[in-house]
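Please read the structure below before turning to the comments.
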Amino acid sequence: MNDEAATHPLSGRRIALLESREAERLAAMLREQGAEVVACPMLAIVDPADTAPVLAWLGRFVAEPVDDLILLTGEGLSRLHDLARRAGIAPAFLTGVGRSRTITRGPKPARALRALGLSPSLRAEHPTTDGIIALLSGLDLSGRRIGVQLYPGAVDTRLVDFLRAAGAAPDPVTPYEYAANASDAAIAGLIDRMAADEIDAIAFTSAPQIRRLFEAAHASGRAESLDAGLRQTTIAAVGPVVADELKRHGLTATIVPSDAYFMKPLVSAIVAALTAPA
């Protein structure tokens, strides 16, 4: 291996990124490996158009903190704290979180807790809904009041259904929404480049990115071009939730980190896959 290949193993590789919130961080890590980054941030994270349901949830939480608080995303906790701050109840909110048994799905909500000076009580072995359910299956939840921080577009009701069946009283809240970020024209341009075999790999870091990509493809009459482009482009998924969403669209992620599902392991997995001997 020559010096260039050793220090910049992705030199000559063009990788499409759809991430918005941590776009610069992820792009910088890939550029350090020599990759050319094609950025097309799909979604922006925004407050709900109607914050009243979230504020009502915060009011209930502050008045009577739950027994357990399930955090599916770090962004969700950060948004709840920010809305509580703007409502003038942040100290009471943090006190309530500190008194609750916090249950996190993965590393991001755990990091968000630590950023607030708190620590997770329990953490799912696998950062998925199934992982949370497996963890909770070994606990007596009867009669417990449980806050459930959901994420936008979550159509899977298994977690809330499981909690009710276990005798708990779940109180779900969705504290943020996704808004379109990249224009349909920008997404169409990316699809055309994939169809022309100009992209070596595409990295998906959330399930909504996938849905937005397919929606824009249909809107621009490029559904077939997208299908063709994705089948000749190496697909990377940050974790099993994203990989499962790809499967629902008939696609398989050939790159998925093996045991840690965040940005650095994703970059390491991309480097390993794209530099492996043919």
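Some points to look at:
- Listed by position, the helices (runs of 4 or more DSSP H) enclosed by the stretch 1-95 that each have at least 3 residues that are in contact with a helix residue (DSSP H, G or I) (Cβ under 8 Å, 6 or more places away or on another chain) and at pLDDT 95 or above are 52-63, 74-86.
- Wholly enclosed helices (runs of 4 or more DSSP H) of the stretch 211-278 bearing at least 1 residues under 18 Å from the mean Cα position of the chain (by Cα) and of a type in the set (A, V, I, L, M): 240-248, 263-274
- Conditions (1) out of contact with any strand residue (DSSP E or B) (no Cβ under 8 Å at 6 or more places or on another chain); (2) in the same structural domain as Ile210 (by TED's automatic domain parsing); (3) among the β-branched types (Val, Ile, Thr): number failed by Val37: (1)
- For the stretch 230-278, the tally of residues that are of a type in the set (S, T, N, Q) and out of contact with any strand residue (DSSP E or B) (no Cβ under 9 Å at 6 or more places or on another chain) stands at 4.
- When restricted to residues that are within 23 Å of Val242 (Cα to Cα), touching an Asp or Glu at 6+ places or on another chain (Cβ under 9 Å) and either among the aliphatic types (A, V, I, L, M) or not assigned by TED's automatic domain parsing to the domain that holds Leu77 (or both), the stretch 125-145 contains 3.
- Within the stretch 178-206, the residues that satisfy the criterion of being without any contact (Cβ under 8 Å) to a residue 40 or more places away in the chain, under 20 Å from Ala253 (Cβ atoms) and surrounded by fewer than 21 Cβ atoms within 10 Å (Cβ to Cβ) are Ala195, Asp197.
- Residues in the stretch 131-155 that are surrounded by 12 or more Cβ atoms within 10 Å (Cβ to Cβ) and closer than 18 Å to Ser206 by Cβ: 8 in all.
The values are calculated or read from the model by the stated rules, or taken from the named source; none is laboratory data. In this text the structure is predicted, and so the values were computed from the model without any measurement. So basically every Cβ, Gly included, is an ideal-geometry build from the backbone, and we count neighbours across all protein chains shown.
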